[in-house]
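The values are calculated or read from the model by the stated rules, or taken from the named source; none is laboratory data. Keep in mind that what you see is a predicted model, and the values were worked out from it rather than measured. Neighbour counts run over all protein chains shown; Cβ positions are idealised from the backbone, glycine included. Areas reflect the complete protein model, heavy atoms only, side chains present, ligands, DNA and RNA absent. Shrake-Rupley method; radii C 1.70, N 1.55, O 1.52, S 1.80 Å.
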Amino acid sequence: QVQLVESGGGLVQAGGSLRLSCAASGRTFGSYAMGWFRQAPGKEREFVAGISRGGGSTYYADSVKGRFTISRDNAKNTVYLQMNNLKPEDTAVYYCAADFTPGVLVSRGKYDYWGQGTQVTVSS
């Protein structure tokens, strides 16, 4: 089992940047595919970005491609989401997720473990 704790959220103006971090417990972090999702008020939780166990494969939602970058440091048991050129529509609670599987997972239902989320608010 793995526990996930997100950090790095906050309030930023449009065009600004934030870096989210997700720290994981356990010794087998490198065996988990990781993902970032977000949920805006009144909307369903949606996929943002995913990364494979070793970090060699990544995948992004079209809405963030070219602006967000997912990365991981398996020695630090941490996955990151660098968010640049933020827009008001990026405002949401951001969640990291993990699953004991190779490859990159896009589907919310495939992830077994979730963090509590961190709020990102982008003002116009």
Kirkwood Rh and Cα Rg combined as Rg/Rh, the chain
0.94
In the chain, what percent of the accessible surface is made up of carbon and sulfur (1.4 Å probe, ligands and nucleic acids excluded)?
45 percent
Förster radius 22 Å - calculated FRET efficiency between Gln13 and Gln119 (Cβ-Cβ, nearest 0.05):
0.90
Show me, for segment 93-104, the HN-Hα J-couplings you get by feeding each phi into the Karplus relation (A = 6.51, B = -1.76, C = 1.60, θ = phi - 60°), rounded to Hz, glycine and proline as x.
8, 9, 10, 9, 9, 9, 8, 7, 7, x, x, 10
Heavy-atom accessible area per residue, segment 8-124, 1.4 Å probe: how many Å²?
49 Å²
Charge dipole (the chain, unit charges on Cβ, about Cα centre) - positive-most of Leu20, Ser31, Val2:
Ser31
Relative contact order [Cα under 8 Å, 6+ residues apart], segment 55-124, whole percent:
31 percent
In the neighborhood of Gly109, defined by Cβ-to-Cβ distances under 15 Å, what is the net charge if each Lys or Arg adds +1 and each Asp or Glu adds -1?
-1
Let me know the charge dipole size of the chain about its Cα centre in debye, to the nearest 20, where only the beta-carbon of Lys, Arg (+1) and Asp, Glu (-1) is charged.
180 debye
Using a 1.4 Å probe, how large is the accessible area of Tyr95, given in Å² and rounded to the nearest 10?
30 Å²
Cα→Cβ-extended label distance, 7 Å offset, between Lys76 and Lys43, nm
2.9 nm
On full extension of the chain, what length is gained from Ser63 through Val5, given 0.36 nm per residue of separation minus the C-alpha to C-alpha distance?
18.4 nm
